[in-house]
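Colleague: Have a look at this one.
The values are calculated or read from the model by the stated rules, or taken from the named source; none is laboratory data. None of these values were measured; they are calculated from a predicted model. Glycine gets a Cβ as well: all are built from the backbone with ideal geometry, and neighbour counts include every protein chain shown.
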């Protein structure tokens, strides 16, 4: 997000008019750790600091540390829940939120954070996840079955056009559910969901891809044989990182990758027990258990004809 001078001035005024210097300093420490306002301004601690000067310095440091949205999220919380046992009315808060909205961010009330407006932009971190911090995600791992044979048997251009068709099917399924493509590696894709009912959204996306690919194969497939994918869905904790190689070390991603490679048949979607137990029975009932080493950990969905 681009932090304009006008929004900095608006927020600085909101701080100085809504909180005293002591409260602002506590707030700065909550957001930035061991924060020494006197040291930052260069004044001895025996001198009082005017509210507008304190607010201006705190805002400068907040912006430098890329914590502006975090600050506004905290101010919204303070407006409704108070701070340190005291109630506050944050001036200009509506105008600040409107300015943020005009730059393509929406306030997500369930998590009380700002996220990208998907009509404006779509980035892998939804515009809000921070590098190195751990979050709960639901992941889809998708891979084209028999891709090596397709590459050998068909012209490269035909295969690439087919893969583009597939990515369009996937994108249509996940975009409407606020999913994000984290990586595309040849014939494979890793997709993340974080907000809302993420397990349900990932599962419905996987089911839709199975359906749409079934129709695609029978109506407009460029190949003389159907394109089949393996899709796995699993949920768990993962540290967010812009380094796509680094996130492969996540146990959650290792698990969903193992599910796709070892327990998912071509043309089907597999979900873990962790995902299944969070779904409504009308959805969960469409998945059939897969027996693995005497236990049922995974469940499979495929298009089945009624007898």
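Colleague: I need the full set of residues from segment 101-118 which are free of Cβ contacts under 8 Å to residues at least 12 places away in the same chain and over 17 Å from residue 7 (Cβ atoms), in order please.
Modeller: 109
Colleague: Sticking with this one: Hey, can you tell me all the residues within segment 286-303 that are loosely packed, with under 13 Cβ neighbours inside 10 Å and either outside the structural domain of residue 230 (by TED's automatic domain parsing) or touching a residue at least 60 places away in the same chain (Cβ under 8 Å) (or both)?
Modeller: Passing the criteria: only 303.
Colleague: Counting only residues that are within 27 Å of the chain's Cα centre (by Cα), give me the helices (runs of 4 or more DSSP H) lying completely in segment 9-91 with at least 3 of them.
Modeller: 21-32, 51-64, 68-81
Colleague: Does segment 168-182 contain any residue that is within 13 Å of the chain's Cα centre (by Cα) and either loosely packed, with under 14 Cβ neighbours inside 10 Å or in a helix (DSSP H, G or I) (or both)?
Modeller: Checking segment 168-182: at least one residue is within 13 Å of the chain's Cα centre (by Cα) and either loosely packed, with under 14 Cβ neighbours inside 10 Å or in a helix (DSSP H, G or I) (or both).
Colleague: Which residue is farthest from the chain's Cα centre (by Cα), if the candidates are limited to segment 218-267 and must be assigned to a loop (DSSP other than H, G, I, E, B) and closer than 17 Å to residue 139 by Cα?
Modeller: Ranking the candidates gives 264 first.
Colleague: Looking at this structure, is residue 283 more than 27 Å from residue 183 (Cα to Cα), in a helix (DSSP H, G or I), in contact (Cβ under 8 Å) with a residue 40 or more places away in the chain and in the same structural domain as residue 197 (by TED's automatic domain parsing)?
Modeller: yes
Colleague: Restricting the first residue to segment 213-226 and requiring it to be within 14 Å of residue 170 (Cα to Cα), which pairs with a second residue that is part of a loop (DSSP other than H, G, I, E, B) meet a Cβ separation below 7 Å and a spacing of at least six or different chains?
Modeller: 213/227; 214/303
Colleague: Pull up segment 249-280, narrow it to residues that are free of Cβ contacts under 8 Å to residues at least 60 places away in the same chain, farther than 11 Å from residue 234 by Cβ and out of contact with any strand residue (DSSP E or B) (no Cβ under 8 Å at 6 or more places or on another chain), then point me to the one that is surrounded by the fewest Cβ atoms within 10 Å (Cβ to Cβ).
Modeller: Among those that are free of Cβ contacts under 8 Å to residues at least 60 places away in the same chain, farther than 11 Å from residue 234 by Cβ and out of contact with any strand residue (DSSP E or B) (no Cβ under 8 Å at 6 or more places or on another chain), it is 277.
Colleague: Under 25 Å from residue 242 (Cα atoms), out of contact with any strand residue (DSSP E or B) (no Cβ under 7 Å at 6 or more places or on another chain) and surrounded by fewer than 20 Cβ atoms within 10 Å (Cβ to Cβ) - does that describe any residue in segment 148-162?
Modeller: No.
Colleague: Kindly evaluate residue 18 against the criterion of being in contact (Cβ under 8 Å) with a residue 40 or more places away in the chain, touching a strand residue (DSSP E or B) at 6+ places or on another chain (Cβ under 8 Å) and over 15 Å from residue 100 (Cβ atoms).
Modeller: So residue 18 fails the test.
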